[in-house]
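For reference, the structure is listed below as structure tokens.
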Amino acid sequence: MTVFLIRRLMQAVVVLFVMSLIVFIGVYAIGNPIDILISPEADQIERERAIEALGLHLPMWEQYLVFLQRAVTGDLGRSFAFSTPALELIVERMPATLELAIAAMGISILVGIPLGMWAGFRPESLAGRAIMAGSILGFSLPTFWVGLMLIMVFAVHLGWLPSTGRGETVEFLGLQVSIFTLDGWSHLLLPAFNLALFKMALVIRLTRAGMRENLLMDYVKFARAKGLSTGRVIFVHVMKNIMIPVVTILGLELGSVIAFAVVTETIFAWPGMGKLIIDSINQLDRPVIVAYLLITVSMFIIINLVVDILYSVLDPRVRLKEMKS
Amino acid sequence: MTAANGAPTLVVDGLQTHFHTRAGLLKAVDGVSFTVEKGRILGLVGESGSGKSVTGFSIIGLVDPPGRVVGGRILFNGEDLAQASESRLRDLRGNRIAMIFQDPMMTLNPVLRIDTQMVEALQAHQKMDRATALARARDALGQVGIPSPDERLKSYPHQFSGGMRQRVAIAIALLNRPDVIIADEPTTALDVTIQAQILFEAQKLCREVGTALIWITHDLSVVAGLADEICVMYAGKVVEQGAVDRVLDHPLHPYTRGLIGSVPSRNRRGQPLTQIPGMAPSPLALPAGCSFRPRCPRADEGCKVPPPMAELAPGRYARCIHPHLEEAAAA
Ligand SMILES: Nc1ncnc2c1ncn2[C@@H]1O[C@H](COP(=O)(O)OP(=O)(O)O)[C@@H](O)[C@H]1O
Ligand code: SF4
Ligand SMILES: [Mg+2]
């Protein structure tokens with residue numbers, strides 16, 4: 001286990017390093033932030049001073065070295081636009097995004113698994129077919145369009161739920177969270193559902209496929225031959241087998257939900273990291289962009305690690321020491 | 001046929017199980033009859049596809065759609081299971097009638113511990129606290145020759161070898177001390193020494209506890225040392241039936257004879273092995289009359305009429321109009 005963790009940690013450092021280099025070059029290529037940051041009326045001297053203050057006068061490789069030097073001490077630079085540390089800006093917005101992503105995951109699991117199980121248990125039934133048709137829609141409708149439709153129907157026409165913002169938050173473990181207030185929930189529901197839709201479709205398909213595959217297995221017939229009730233066969237024997245791939249894939253997808261939150265946050269004006277990154281890209285706020293990407297990649301790495309550990313807990317046939325990478 | 005030790009445990013009478021497939025009506029089991037008594041072992045033999053497994057599943061009511069038991073009676077201690085409700089069948093399954101499957105790698109749930117899989121089999125049929133159930137499970141594992149059963153209870157299936165897994169499956173079948181066990185080719189996937197051990201133990205248990213055993217196999221040599229009675233199946237029908245020694249020594253039906261000729265045997269050493277010519281017919285397109293006709297060396301015009309099952313000698317039944325009676329008489 002320790003060897004496994006150390007190896008994973010070293011891999012993570014390499015990935016982060018390569019990642020930072022690519023992002024740095026990429027952002028450098030997009031354009032010079034000075035043209036956006038400094039008002040056109042500013043004179044040459046002011047301009048020179050600003051360039052120097054931001055460290056933009058150095059050649060690119062030198063800028064990168066400065067960045068690296070600071071990065072190893074945990075300093076990812078100051079935002080050009082806000083003049084506050086980039087890391088701080090992102091960490092401030094992170095709870096909102098995590099809350100949205102976790103709520104979306106929760107919805108897709110709570111809705112997707114029962115629907116998928118039913119569709120796999122009774123594939124020929126009307127409900128089973130309807131669920132599958134629904135999952136195709138979930139896959140193919142674009143997130144932004146569904147988001148706008150949700151706002152049209154539930155916020156504009158019916159007026160049941162607010163369309164923008166995060167609502168009232170409460171401090172919990174030092175973080176601002178909205179799931180403890182009714183107002184917070186009412187704001188969270190639409191964006192979370194919007195973000196959940198694609199994953200829900202995925203969960204339905206995974207669960208249904210697992211259900212159908214497992215129901216044909218000998219162990220199911222043997223369990224029935226023992227005289228077990230259908231409920232026990234499905235909810236203990238089959239479910240435990242289905243959950244292994246579903247949990248693994250969903251865990252891995254959590255990272256992409258956080259990344260995809262960009263679209264949903266923009267539509268619902270949700271004050272999370274996704275909205276911040278869009279704003280930062282518009283302003284070529286390089287330190288924030290780099291910091292955002294590094295943090296997102298770190299989250300992916302941590303999530304993958306947790307999923308691997310969880311997988312080995314769920315499936316007795318897999319032990320961590322046997323895992324190669 | 002009823003022996004001195006009371007009514008037979010299981011009487012299968014004219015069982016018909018058909019599958020309504022897209023390609024047509026498939027008569028997987030078409031009029032199978034046999035009787036098993038307490039403490040006796042019936043060998044159910046035939047080539048792959050002859051309907052042995054479907055017969056077994058019909059008895060415990062686990063034929064999957066599109067299959068259905070469409071005719072005949074399955075009398076278990078006098079009660080007709082062909083007419084029984086699903087909940088009644090569930091009461092009996094694993095409790096009074098147990099089944100063991102062919103592939104021990106597939107029959108145990110890979111993600112549940114052995115103790116879970118054993119305790120649930122007990123608790124499905126009687127109110128029993130976990131400690132008592134575990135004690136029973138431990139005894140059952142010991143009974144089938146699994147060393148240090150206490151530790152093994154906490155293991156997962158993948159920690160056992162194939163032979164050990166099959167013993168676990170047998171232990172599970174034994175848990176509720178059933179009246180009948182249906183063993184569907186349980187040793188086919190195992191190597192010969194382990195097969196021999198399991199056969200020996202199965203026979204012993206059956207005699208000691210008085211369980212009636214139906215042992216399904218395509219391998220005549222397995223049945224030879226194990227069973228009391230034998231039923232030879234071909235294309236969904238029983239074609240020959242009788243005491244195992246007499247059937248194997250002097251088969252009446254050309255198919256049985258062909259089967260025996262294709263198995264190596266000590267008392268026919270030096271003689272060439274003979275394969276039955278041709279292939280088993282598609283169950284969707286059986287030849288008219290005797291199903292074995294296209295492959296039978298004795299077939300003639302008369303075989304175009306379906307031959308009835310007939311008692312050709314005392315206790316000897318066969319479904320053939322030109323049986324090998326001369327050899328049997330000469331013996
Ligand atoms: N689920 C099913 N659907 C359609 N046909 C089946 C099904 N199960 C078995 N059969 C058919 O029933 C016949 C008997 O099968 P089976 O009892 O498994 O043979 P075996 O003697 O090898 O155990 C075969 O022809 C097989 O194709
Ligand atoms: S009835 Fe005819 S075809 Fe059928 S087994 Fe007997 S001899 Fe052969
Ligand atoms: Mg079979």
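The values are calculated or read from the model by the stated rules, or taken from the named source; none is laboratory data. Bear in mind the structure is a predicted one, so any value in this text is a computation, not a measurement. Note that each Cβ is placed from the backbone with ideal geometry, even for glycine, and that neighbours are counted across all protein chains shown.
Points to keep in mind about this one:
- Failed item in (1) away from ligand 3 (no atom under 16 Å from the Cβ); (2) out of contact with any Ser or Thr (no Cβ under 8 Å at 6 or more places or on another chain); (3) within 28 Å of B:Leu205 (Cβ to Cβ), with B:Gly39 passing the rest: (2)
- Failed item in (1) outside any helix (DSSP H, G or I); (2) in contact with a Gly (Cβ under 9 Å, 6 or more places away or on another chain); (3) under 16 Å from A:Ser229 (Cα atoms), with B:Arg90 passing the rest: (1)
- Matching option when the condition is buried (at least 17 other Cβ atoms within 10 Å of the Cβ), more than 13 Å from every other protein chain (Cβ to nearest Cβ) and modelled with pLDDT of 90 or more, among B:Leu92, B:Leu75: B:Leu75
- Residue count for region A:240-250, restricted to those that are away from chain B (no Cβ under 14 Å) and without any contact (Cβ under 8 Å) to a residue 60 or more places away in the chain: 1.
- Taking (1) more than 15 Å from the chain's Cα centre (by Cα); (2) farther than 26 Å from B:Pro251 by Cβ in turn, B:Asp30 satisfies each apart from (2).
- Picking from residues in region B:143-164 that are hydroxyl-bearing (Ser, Thr, Tyr) and within 14 Å of chain A (Cβ to nearest Cβ), the one that is nearest to the chain's Cα centre (by Cα) is B:Tyr156.
- Cβ pairs under 7 Å, 6+ apart, first in region B:96-110 and more than 7 Å from chain A (Cβ to nearest Cβ) and more than 12 Å from B:Val168 (Cβ to Cβ), second in a loop (DSSP other than H, G, I, E, B) and polar (S, T, N, Q): B:Gln102/B:Thr188
- When B:Phe19, B:Phe34 are checked against the criterion of being of a type in the set (Phe, Trp, Tyr), within 16 Å of ligand 3 (Cβ to nearest atom) and outside any loop (DSSP other than H, G, I, E, B), B:Phe19 stands alone in meeting it.
- Boolean, A:Ala209 is in the same structural domain as A:Ile113 (by TED's automatic domain parsing), assigned to a helix (DSSP H, G or I), closer than 18 Å to A:Val257 by Cβ and touching a residue at least 60 places away in the same chain (Cβ under 8 Å): no
- Taking the criterion of being assigned to a strand (DSSP E or B) and within 16 Å of ligand 3 (Cβ to nearest atom), the residues of region B:182-228 that qualify are B:Ile182, B:Ala183, B:Asp184, B:Ile214, B:Trp215, B:Ile216, B:Thr217.
- Helices (runs of 4 or more DSSP H) fully within region A:3-77 that include at least 1 residues being of a type in the set (Val, Ile, Thr) and within 17 Å of A:Leu294 (Cβ to Cβ): A:60-72.
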